[in-house]
1. Residue check: is Phe169 more than 18 Å from Leu36 (Cα to Cα) and out of contact with any Leu (no Cβ under 6 Å at 6 or more places or on another chain)?
2. Spot the failing condition for Trp66; the list is (1) among the aromatic types (Phe, Trp, Tyr); (2) out of contact with any helix residue (DSSP H, G or I) (no Cβ under 7 Å at 6 or more places or on another chain); (3) assigned to a helix (DSSP H, G or I), and only one is missed.
3. Among the residues in the stretch 118-136, are any over 23 Å from Phe75 (Cα atoms), open to solvent by less than 90 Å² (accessible area, probe 1.4 Å) and among the charged types (D, E, K, R)?
4. Contact list please: Cβ distance under 6 Å, first residue in the stretch 79-107 and under 15 Å from Lys167 (Cα atoms) and part of a loop (DSSP other than H, G, I, E, B), second residue open to solvent by 60 Å² or more (accessible area, probe 1.4 Å) and of a type in the set (Gly, Ala, Ser), pairs at least six apart or on different chains.
5. Pull out all pairs, ordered by first then second residue, where Cβ-Cβ is under 8 Å, the residues are six or more apart or on different chains, the first lies in the stretch 39-56 and is within 13 Å of Arg145 (Cα to Cα), and the second is charged (D, E, K, R) and open to solvent by 40 Å² or more (accessible area, probe 1.4 Å).
6. Answer yes or no: is there a residue in the stretch 36-46 that is of a type in the set (Gly, Ala, Ser), in contact with a helix residue (DSSP H, G or I) (Cβ under 8 Å, 6 or more places away or on another chain) and outside any helix (DSSP H, G or I).
7. Within the stretch 130-147, take every residue that is at pLDDT below 95 and among the acidic types (Asp, Glu) and give me the one that is nearest to Val170 (Cα to Cα).
8. Restricting to the stretch 25-40, name every residue that is surrounded by fewer than 14 Cβ atoms within 10 Å (Cβ to Cβ) and modelled with pLDDT of 95 or more.
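The values are calculated or read from the model by the stated rules, or taken from the named source; none is laboratory data. For clarity, every value in this text was computed on a predicted model and none was experimentally measured. Don't worry about glycine lacking a Cβ; one is built from the backbone with ideal geometry, like all the others, and counts go over all protein chains shown. Calculation scope for accessible area: heavy atoms of the full protein, side chains included, ligands and nucleic acids excluded. Shrake-Rupley method; radii C 1.70, N 1.55, O 1.52, S 1.80 Å.
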Amino acid sequence: MSIVALVVAGVGVVGFFVFTESRIDPLTPVDAIVVLGGEHDGREDYGVNLAQQGVARNVVLSNPYWQGDPWMTAFCAINDPRFTVTCVPPVPATTRGEAEFTRELAEKNGWNRVLVISWRFHLPRARYIFSQCFDGEIVMRPVPRDYNYSLAEWEYTYLYQTVGFIKAFVQGSC
């Protein structure tokens with residue numbers, strides 16, 4: 001077996017346990033639900049649905065999308081007396097930018113506990129970045145969906161998340 005094959009297999013096995021089977025926190029009441037940008041894969045619906053169930057009175061939607069995105073236009077216009085929706089374009093348009101605007105909103109609004117929604121395989125890296133920027137409690141929940149990725153797509157995902165971890169470590173605290 002070649003070294004390359006061993007490395008690819010190692011990345012796959014470690015990536016599966018670290019990213020695909022990442023820890024999911026129990027659902028608990030929070031001050032705000034923060035939905036990270038990504039795909040319109042049900043994440044916005046999930047965040048709003050949790051607010052409708054009373055998990056939080058604030059929903060923050062990261063909006064790194066183009067200005068006319070009809071999906072975000074509809075979500076950002078939600079007017080529900082049970083909760084407030086705030087749409088924020090992250091600067092930079094990265095997980096770190098999202099963690100930074102969460103910290104700023106938390107300081108402004110007195111939030112101590114936030115629930116962060118993203119892909120399950122992104123949760124470990126997002127948890128690390130948010131812990132670098134936000135002093136409060138962080139509850140991590142995945143978008144409730146399946147990932148029908150090929151082995152090559154999973155390998156790329158694991159490598160991407162690993163490189164993102166290294167970048168976050170080098171950047172340090174916000």
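1. When the stated conditions are applied, Phe169 passes them.
2. Every condition holds for Trp66 apart from (3).
3. Checked against the condition, which is being over 23 Å from Phe75 (Cα atoms), open to solvent by less than 90 Å² (accessible area, probe 1.4 Å) and among the charged types (D, E, K, R), the stretch 118-136 yields at least one hit.
4. none
5. Matching pairs, first to second residue: Asp41/Arg145; Gly42/Arg145; Tyr46/Arg141.
6. If we filter the stretch 36-46 for residues that are of a type in the set (Gly, Ala, Ser), which is where we start, we get 37-38, 42.
Subset that is in contact with a helix residue (DSSP H, G or I) (Cβ under 8 Å, 6 or more places away or on another chain): 37-38.
From what's left, outside any helix (DSSP H, G or I): 37-38.
Yes, that holds for at least one residue.
7. By that ranking, first place goes to Asp135.
8. Of all residues in the stretch 25-40, those surrounded by fewer than 14 Cβ atoms within 10 Å (Cβ to Cβ) come to 26-29, 39.
Scanning the stretch 25-40 gives Pro26, Leu27, Thr28, Pro29.
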